[in-house]
Amino acid sequence: MSSVELRKVDKHYAGYHALKAIDLTIEKGEFVVMVGPSGCGKSTLLKTIAGLETINSGQVVINGRDVTKEEPGDRGIAMVFQSYALYPHMTVAENMGFGLRMANRPKAEIDAAVKRAAQILRLEEQLDKRPKQLSGGQRQRVAIGRAITRSPEVFLFDEPLSNLDAALRTQMRVELSGLHAQLGSTMVYVTHDQIEAMTMADRIVVLNKGRVEQVGSPLELYANPANIFVAGFLGAPRMNFIEAQIETVNAAGVTLTATGIPALAFGGIDAGGVSPGDAVTVGIRPEHLRVLERANPGQASFPGQVRLVEHLGRETVLYLDASPLQATNSDSGTGNFTVQLNKVSPINIGAQLTAGFETADAYLFGPDGRTLTPRKPVPAT
Amino acid sequence: MYPRPIPEDAKIQRALYVGGVTLVVALWLLPLLAVMLTSIRSNEELMAGNYWGWPQKFSLIENYTAVFEQTAMLRFFLNSLLITIPSVIGVLILSTLTGFVLSRYPFRGSNLIFALFVGGNFLPAQVMMIPVRDLMVRLGLYDTIYALIVFHIAFQTGFATLFMRNFIAALPGELFQAARAEGASPAQILRHVVVPLVRPALAALAILTFTFIWNDYFWAIVLTQSDAVKPVTAGLNNLRGEWTSAWNIVSAATIFVALPPVVMFFLMQKHFISGLTMGAVKG
């Protein structure tokens, strides 16, 4: 049975269409991460599941029960907030037992639940402290503990790690994944951090402008983005995009041209989708670009000059100016191409080199942004 | 544009500044000092015209005993307490409720209601004198302490609502969402989350309204007549009539009357805990 089901959920704020007919099914015990840029509606969607936001139309079903009109406290959910939202005048134990206390549960039951949550989260030493005496990581653990004590059907996390520093974030990420394995509960997690999404999720939901762009496992989404938005959103450094035009279309595939690069041929394209003259976009992930000894005829390649080198130890990221060929919509805001080499490289700023890629590794996006290239194999896990 | 600190090495400016501030403070405190001095002088000395000089004879005990033995001040004092304490409690309860609803549960017309609460403060009290007196006469409350209690609660709640609404609106919104998500009802949120967190505001508001109501003279003379219900402010005026020449007794009574707001301040002081919401949200 599904744990959470959203059916045609629609929400308007004054004059603003925040959620557009969202359909989503989350299975029991699943860890689903919702990602998207600021203002895409991911937090609104989470609060809709929680019942903190009302919806204009559609249904929210939790554990087979239609809870669209129910109060948050009756939905069997527990929520963890970005700002922790701990009650400052209560001790850690009182904070964690708050929900049960409000439900007038017997004291022994509350104490047992608090003790159990404190054990899971290693907070036994902190139970009598106030939130202000705790570090950021401990505060977030208390907030999670407060959720655990109520034994909810569904945990909702609203960017819970974004106030923590990088080291703590990694630690909490691992702890949360461990917690999910231990409790086996359904968890819905909102973040703008794609590393959190890729590492923690069973499935990722990519949202954009109040719409679900794609749902799938992290590697599936990475290998087979449904459209140009998902392709650009997942992956750091970001995918390189080249604007091109369809030259010919035939049964074998398409050829296309772009300023500054020899004609490219893509096989396996559904010829019905495009016609000659259409503006399309080619996408190449930075790790699929290679530095070539020399330009090979028959392989897609282009010359350029290195503008910036980032040595990350394990890998090297080059920013390549390939004028007149321009990368559009790039992270750096320039027309430079991002090349990721999986080793330390002696290349310096100003070096002239040739970058190349296999068209089999590249993606082709149609005029409407949909992916035209055939499915790529997803690495087995 | 803005006052800037005077540099340490500008000796003359600093001296002028300190001198100026001292002068202003002295001027400000002069009437109070005069009352205090008068309250410990003997009547003969005042008759002889020694208003500002060092008292030749200290009549502190005599004067203050006289206040209780020869005047009805104790009665007035009790009346004031009977009027002020229920009024303050009423104002605090009502304004916490209105402030909570107006800041956290907006509904159609809630802004209008809030505007009415705020706008009422701008109405000069004198405008309402005759209608309010009339109302109290018809309600049968005229010349009872209830007239003053009802009026003060109604009148002070306007300002208090503005105060509490803004304070509660400034609490982190996620605290309320968290409480809701945990199944707390609005009443439970009010009791377990809002009230503990607005304690400093309630303390400040208690002092303010206590002082307002305690010091009110206008409504005291508009709504009461008999000595049995008069509060201290109206009672002090009585004193002047009976003891025209006994300024030392009037001064002693004045000091006595001025004490409760000061005591109130010290009682409430421990609730002014800064940064009570620290640790609620990030930071």
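When its C-alpha radius of gyration is set against 2.2 N^0.38 Å (N residues), the range A:12-143 gives a value of 1.23. For the residues of A:70-79, the average number of beta carbons from a partner chain within 10 Å of their own beta carbon is 4.
Tell me, what is the FRET efficiency for A:THR328 and A:VAL174 to the nearest 0.05, using R0 = 51 angstrom and their Cβ-Cβ distance as r? The pair A:THR328/A:VAL174 has a calculated efficiency of 0.90. Quotient of the Cα radius of gyration of chain A and 2.2 N^0.38 Å, N being its number of residues: 1.16. The residues packed around A:ALA197, meaning those with a beta-carbon under 12 Å from its beta-carbon, carry a net charge of -1 if Lys and Arg are +1 and Asp and Glu are -1.
Counted over all Cα-Cα pairs of the range A:132-217, pairs farther apart than 14 Å make up 67 percent. With one equal scatterer per alpha carbon and no solvent term, the Debye-computed log10 I(q)/I(0) for the range B:69-271 at 0.11, 0.16, 0.18 1/Å reads -0.60, -1.05, -1.21. For chain A, set up a GNM with springs between Cα atoms under 10 Å and report which of A:ALA167, A:ALA147, A:ALA18 has the largest fluctuation. Checking each option, the largest mean-square fluctuation is seen for A:ALA167. Shielding of peptide A:85-95 by partners, expressed as the average count of other chain Cβ atoms within 10 Å per residue Cβ, is 5. Rg and Dmax of the range B:1-154, both derived from C-alpha coordinates alone, stand at 25.0, 69 Å. Once you reduce the range B:132-205 and the range A:297-335 to the center of their Cα atoms, the two points are 64 Å from each other.
Set the bar at 27 Å for Cα to Cα. Now go through A:LYS132/A:LYS209; A:LYS69/A:LYS107; A:LYS132/B:LYS270; A:LYS69/A:LYS115 and name every pair that lies beyond it. The answer is A:LYS132/A:LYS209; A:LYS69/A:LYS107; A:LYS69/A:LYS115.
Here the Gaussian network model covers chain A, with springs between Cα atoms less than 10 Å apart; of A:ASP23, A:ASP165, A:ASP321, A:ASP165 fluctuates the most. How are the Cα pair distances of the range B:1-83 distributed, in percent, across 5 Å bins from 0? Histogramming the range B:1-83 at 5 Å steps yields 3, 11, 13, 13, 12, 11, 9, 8, 7, 8, 5, 1 percent.
The mean sequence distance of close C-alpha pairs (under 8 Å, at least 6 residues apart), as a share of the length of the range A:2-232, puts its relative contact order at 28 percent. Per-residue Cβ neighbour counts within 10 Å put B:ASP227, A:ASP278 in the sequence B:ASP227, A:ASP278, beginning with the fewest. What the Cβ-Cβ distance of B:ASP134 and B:MET47 gives, at R0 = 41 Å and to the nearest 0.05, is a FRET efficiency of 0.35. Each other residue within a Cβ distance under 14 Å of A:ALA167 adds +1 if Lys or Arg and -1 if Asp or Glu, for a net charge of 0. Expressed in units of 2.2 N^0.38 Å, where N is the residue count, the Cα radius of gyration of the protein assembly as shown is 1.42. Scoring B:254-265, B:140-151 by mean Cβ neighbours within 10 Å over their residues and listing the highest first yields B:140-151, B:254-265.
Here the range A:250-341 is treated as a sphere whose radius is the Kirkwood value from Cα pairs; by Stokes-Einstein at 10 °C and 1.306 mPa s it diffuses with a coefficient of 107 µm²/s. Per-residue mean of foreign Cβ neighbours for B:188-201 is 2 (Cβ atoms of other chains, 10 Å radius). Measuring r between the beta carbons of A:TYR16 and A:GLU310 and using R0 = 41 Å, the FRET efficiency lands at 0.60.
Laboratory data are not the source of any read-out in this text; all were calculated from the coordinates shown. Just so you know, these numbers come straight off a predicted model, no measurement behind them. Note that we place each Cβ from the backbone using ideal geometry, even for glycine, and neighbour counts take in every protein chain shown.
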